[in-house]
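The values are calculated or read from the model by the stated rules, or taken from the named source; none is laboratory data. Owing to the predicted nature of the structure, the values given are computational and were not obtained by experimental measurement. Neighbour counts are summed over all protein chains in view; Cβ atoms, including those assigned to glycine, are modelled from backbone coordinates with ideal geometry.
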Amino acid sequence: MDLSYGSEYSDFREEVRGFIAAHQDKSPSQASMRGAEGLAWQKLLLDNGYHSRTVPKAYGGFGAEPDILKSRIISEEFSAAQLSTGLGGQGISMLTPVLLEMGTEAQKLQFIKPTIMGEMIWCQGYSEPGAGSDLASLTTKAELDGDDWVINGQKIWTSTAQLADWIFCLVRTEPEAPKHQGISFLLFSMDTPGIEIRPLVDMTGDANFNEVFFTDVRVPKDQIVGRRGQGWQVANAILGHERGSLAPPDAAENRLKGIIKLMETETIDGHRVMDSPVFRDRLMKLQGQVLAMRCNDMRLLSARINKGQDARLAGMIVKLQGTELRHELEGFAIDVLGEIGLAYEDNPYLRGNGSWQYQYMYFLGLIIGGGTSQIQKNIIGERGLDLPREPKVAKV
Amino acid sequence: MEFGLSSEQTLLQDTVNRFLDEQAPLATVRQIAAAEIDDGAIWKGLAELGIPALLVPEHLGGVGLGSLDAAVVAESLGYHATPAPFLGTAVMAPLAFIQSGQQEALLGPMAQGDYRVGIAFGEAIGARNDAGTTVSSGKLTGKAIFALDAAADGYLVATREKHLYFVEATAKGFSRRLLTTVDKTRTTVELVFDGAVAELVSQDPGVFNQVLDAGRVMQAADTLGAAQYALDQAVDYAKQRKQFERVIGSFQAVKHMCAEMAASLEPCRSLVWYAGHALDHMPEESRVTACHAKAHLAEVGRFVAKTATEVHGGMGFTDLVGLHYWFKRIGANRQLLGSPELVREEAARLQGMVA
């Protein structure tokens, strides 16, 4: 057991701290991330290797060798200083790694740089009304007509569709093939004629997602990643990337700190909530769970550095446990606040900008999205514990 | 950076597991639980492997390893529901004697497996009705209940003031009575003191805390092992048992029970490792971490013990399968050295949250 990162990394940590000290006044607020201030910050991070660190220079990145601990130090220091770590979103976190792995040289040159600079925003067209947990049964079809794919169908749960310049989209191109082998991964502009976006208002009151309809959308046939029929493998590579990142332990720790502060300042009949043993016990229970997930995360980090450490099961449980725990944390904060916890939107008694209620609902969405908790349990059971799959029901 | 067990620790665990697989199978656990034989042979065998010598420094006749090594052994003992006086004789008493510099002459025989020290900490953690001890001019009077190890040669007794005393089982004015509990894999006694000679070990709260924290992490590790055994058994059973012409593990209802157990237990492994490491290397965190490990494992352990039994259906409820030994061991670990509510309140107090 060695929890230190080693002396060779202390210089790097100092370098990151030096950058932060010199530039922290330029860090934009969450709201202005997409504005001029945000884009300037993004460029500063890219130039210094604090974003897209391992993306080759030819594609607009910093071109550093992959180093898990350096990446971790960057995120630790930025998080401690409460600075923005730059742009995220599905183009950066999901499409870029896929293009690097499976894209053509032309695609890499065309798409990666504007994407990581924040000049090209992407949305993801995967789920459909009839294809949720059973994503491979998707029916949006693309047929070749001359030099174009012609796309017809509907996507749902498409976040940022209204902002997006481009979409990466799963479509059925080989209707005769078995369902996992008939899908292709296409890229196309959201300005293409025949695309209609309808915002989908969710329980938070915001439209975090959209429905996207395609009617005879024509896409040049070379805008495909991987080969025809290979889209499922491409998509799975990125889904694996998404699952672990939905509920990082640092965020849970920060929320827990927020709850402690809340319990020290909010009062019931003039007594601090913290002075109630009942609330305190619930707090300590949650703190124990957050600590366990932090330890699990350290084990995962270690297993990425030290080949030969087996942490497969520890990785499989993160999406399930992490999202459920966040939902419980947010719900506990609402209980701490009592009826004040009901306040929302413009209510003058609002605490924490209404984020407790908002995140309580939002994390219920994350429990369902990105592979529901039930699908996660299938994965843990079948791939982690080697339990047999559900037998297929005979077709009637 | 390396978060996990070293190759030496893995080897230690493999060695203990191999010994217990051979020398302490369920059939032997049953015999000991029924008091047909005692745990002496197992303890002698573990002593030959150096287990009671683990934490004793080399110059005092021991091996001089650390708390995480001991936690690794505790996990193996829990996995096998092994009847053994590990907690008192190999962990809490040696630590108390080493830290205080008292009773050091006993460390050699303890490390050899020739001398056993039981522990009576209940009164210092949360004294119950009818229990309590007082000390006057070196003599102990009163009662300590649910002390561990009926076969001990002496007891480390903690008073309400968190002072530690050592009493020999042969002392005049000392008597003990076996207390039957659900957990028959370890023995529990009531100690009655009627002016029994008690030698002061330590009045230093730092020593008391260190001994208690180590004990709590060992209990958490024992529960980790026991719960892992229960989960492994449930998964095996779910792969074999057929109903409706299918193995029951293919039904999502059963599969999800197994997945939930694994999902809650897997982070516990990292938590126990971290807590074991913290005892020796992170004094600023180790106390809170020990509390969380103890309380969190108690909760997850209870969930896994119940759920694994349910996966076995009616067979899980029988004596035939024997899973109940683990169910009860997990239950005992939960209450001994502080039930979850007491321990969580201590974690809050340690963080300055209690006014």
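Checking each residue in the stretch B:233-247 for being more than 14 Å from residue B:308 (Cβ to Cβ) and not charged (D, E, K, R) picks out B:240, B:243, B:244, B:247.
Among the criteria (1) more than 9 Å from chain B (Cβ to nearest Cβ); (2) under 17 Å from residue B:267 (Cβ atoms); (3) surrounded by 23 or more Cβ atoms within 10 Å (Cβ to Cβ), the one residue A:333 does not fulfil is (2). Give the residue that is surrounded by the fewest Cβ atoms within 10 Å (Cβ to Cβ), with candidates limited to residues of the stretch A:283-300 that are farther than 15 Å from residue B:295 by Cβ and at the interface with chain B (Cβ under 7 Å from one of its Cβ atoms). By that ranking, first place goes to A:298.
Cβ separations smaller than 6 Å between residues 6+ apart or across chains give the following pairs from the stretch B:321-344 residues that are under 10 Å from residue B:291 (Cα atoms) to residues that are surrounded by fewer than 22 Cβ atoms within 10 Å (Cβ to Cβ): B:338/B:125; B:342/B:126; B:344/A:281. Taken over the stretch A:348-396, the residue count meeting the criterion of being in a loop (DSSP other than H, G, I, E, B), facing chain B (nearest Cβ under 9 Å) and among the basic types (Lys, Arg) is 1.
Here the condition is being over 26 Å from the mean Cα position of the chain (by Cα) and among the acidic types (Asp, Glu); of A:275, A:297, it holds for A:275 alone. Is it the case that residue A:28 is closer than 25 Å to residue A:255 by Cβ, assigned to a loop (DSSP other than H, G, I, E, B) and touching a residue at least 12 places away in the same chain (Cβ under 8 Å)? Yes: the conditions hold for residue A:28. Among residues of the stretch A:345-366 that are in the same structural domain as residue A:132 (by TED's automatic domain parsing), none has a beta-carbon under 7 Å from a residue that is small (Gly, Ala, Ser) and crowded, with 17+ Cβ neighbours inside 10 Å at least six positions away or on a different chain.
One residue stands out among those in the stretch B:318-355 that are in contact with a strand residue (DSSP E or B) (Cβ under 9 Å, 6 or more places away or on another chain) and part of a helix (DSSP H, G or I): the one that is farthest from the other protein chains (Cβ to nearest Cβ), which is B:332. When we screen B:271, B:279 for residues that are in contact with a His (Cβ under 8 Å, 6 or more places away or on another chain) and closer than 25 Å to residue A:4 by Cβ, the only hit is B:271.
Which residues, counting only those in the stretch B:240-256, are at the interface with another protein chain (Cβ under 9 Å from one of its Cβ atoms) and either loosely packed, with under 15 Cβ neighbours inside 10 Å or not hydroxyl-bearing (Ser, Thr, Tyr) (or both)? I'd like the intermediate steps shown before the answer.
Quick first cut of the stretch B:240-256, residues at the interface with another protein chain (Cβ under 9 Å from one of its Cβ atoms) only: B:246-247, B:249-252, B:254-256.
Answer for the stretch B:240-256, where residues must be at the interface with another protein chain (Cβ under 9 Å from one of its Cβ atoms) and either loosely packed, with under 15 Cβ neighbours inside 10 Å or not hydroxyl-bearing (Ser, Thr, Tyr) (or both): B:246, B:247, B:249, B:251, B:252, B:254, B:255, B:256.
Please list, ordered by first then second residue, the pairs with beta carbon atoms under 7 Å, 6 or more apart or interchain, first in the stretch A:241-265 and under 19 Å from residue A:333 (Cα atoms), second modelled with pLDDT of 85 or more and aromatic (Phe, Trp, Tyr). What qualifies is A:259/A:332; A:263/A:279. Please find, among B:264, B:270, B:286, the residue that is in a helix (DSSP H, G or I), over 16 Å from the mean Cα position of the chain (by Cα) and more than 30 Å from residue A:389 (Cα to Cα). Step by step, each of B:264, B:270, B:286 is checked, and only B:286 is in a helix (DSSP H, G or I), over 16 Å from the mean Cα position of the chain (by Cα) and more than 30 Å from residue A:389 (Cα to Cα).
Of the listed requirements (1) among the acidic types (Asp, Glu); (2) surrounded by fewer than 24 Cβ atoms within 10 Å (Cβ to Cβ); (3) in contact with a helix residue (DSSP H, G or I) (Cβ under 6 Å, 6 or more places away or on another chain), residue B:222 misses just one: (2).
Residues of the stretch B:261-296 that are more than 7 Å from chain A (Cβ to nearest Cβ) and closer than 22 Å to residue A:378 by Cβ: B:261, B:264, B:265.
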